[in-house]
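So the structure is just underneath, and the comments pick up after that.
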Amino acid sequence: MPRPLPFLLGALLLTSLPAAADREPAPEGARAYILWPRDGTVVTGGKFWVRMGLQNMGVAPAGVRREHTGHHHLLIDSDLTNPNEPIPNDKQHLHFGAGQTEARLELPPGKHTLMMVMGDADHVPFDPPVTSDKITITVK
């Protein structure tokens, strides 16, 4: 028995829309962390190195598609607002798309939060997101 036309149109519409839940699964035991600075560090002068660590995952440049592999993003004074969307690229969301694991930053005086988030080849967080603890530093 042929299917009614509204059913077929609905099925075509559903298959043509991009799925927001197409996030790559995070590997079991994956953990991201910030090696330096440590939570509570006081930085003098505003310039400092951030060193990022990762456990049970691989690091590769953006655009490289390998299972359980991604690249670092550093969120400054920000939160991960929508894990189903690519991480923005702006002054509060730094992308390390060449596969870097450390970077030299300069921040203005004051308190700042830092959190690292792993993104897949397309800058989308893994499912569940692989993030570091959010740390607070003070720049003097």
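The values are calculated or read from the model by the stated rules, or taken from the named source; none is laboratory data. All values derive from a computational prediction rather than experimental measurement. Because the Cβ atoms are built from the backbone with ideal geometry, glycine has one as well, and the counts that use them run over all protein chains shown.
Cβ separations smaller than 6 Å between residues 6+ apart or across chains give the following pairs from the stretch 29-49 residues that are among the hydroxyl-bearing types (S, T, Y) to residues that are exposed (fewer than 10 other Cβ atoms within 10 Å of the Cβ): T44/K140. Total residues in the stretch 59-82 satisfying the condition of being surrounded by 16 or more Cβ atoms within 10 Å (Cβ to Cβ) and either in contact with a helix residue (DSSP H, G or I) (Cβ under 7 Å, 6 or more places away or on another chain) or of a type in the set (S, T, Y) (or both): the figure is 2. For the stretch 27-46, which positions are in contact with a Leu (Cβ under 7 Å, 6 or more places away or on another chain) and assigned to a strand (DSSP E or B)? Of everything in the stretch 27-46, those that are in contact with a Leu (Cβ under 7 Å, 6 or more places away or on another chain) and assigned to a strand (DSSP E or B) turn out to be A32, I34. For beta carbons closer than 9 Å, sequence separation of 6+ or different chains, a first residue in the stretch 109-136 that is without any contact (Cβ under 8 Å) to a residue 40 or more places away in the chain and of a type in the set (G, A, S) and a second that is in a strand (DSSP E or B) and crowded, with 17+ Cβ neighbours inside 10 Å, the qualifying pairs are G110/V139. Here T41, T69 are screened, and the one residue that is closer than 15 Å to A98 by Cβ, at pLDDT 95 or above and polar (S, T, N, Q) is T69. The set of residues from the stretch 68-80 being part of a loop (DSSP other than H, G, I, E, B), under 13 Å from the mean Cα position of the chain (by Cα) and more than 17 Å from D122 (Cβ to Cβ) comprises S78, D79.
Of the residues in the stretch 53-67, at least one is in contact with a Lys or Arg (Cβ under 7 Å, 6 or more places away or on another chain), without any contact (Cβ under 8 Å) to a residue 40 or more places away in the chain and either over 17 Å from D120 (Cβ atoms) or in a strand (DSSP E or B) (or both). Inside the stretch 79-99, can you point out the residues that are touching a residue at least 24 places away in the same chain (Cβ under 8 Å) and under 19 Å from R38 (Cα atoms)? Answer for the stretch 79-99, where residues must be touching a residue at least 24 places away in the same chain (Cβ under 8 Å) and under 19 Å from R38 (Cα atoms): just D79.
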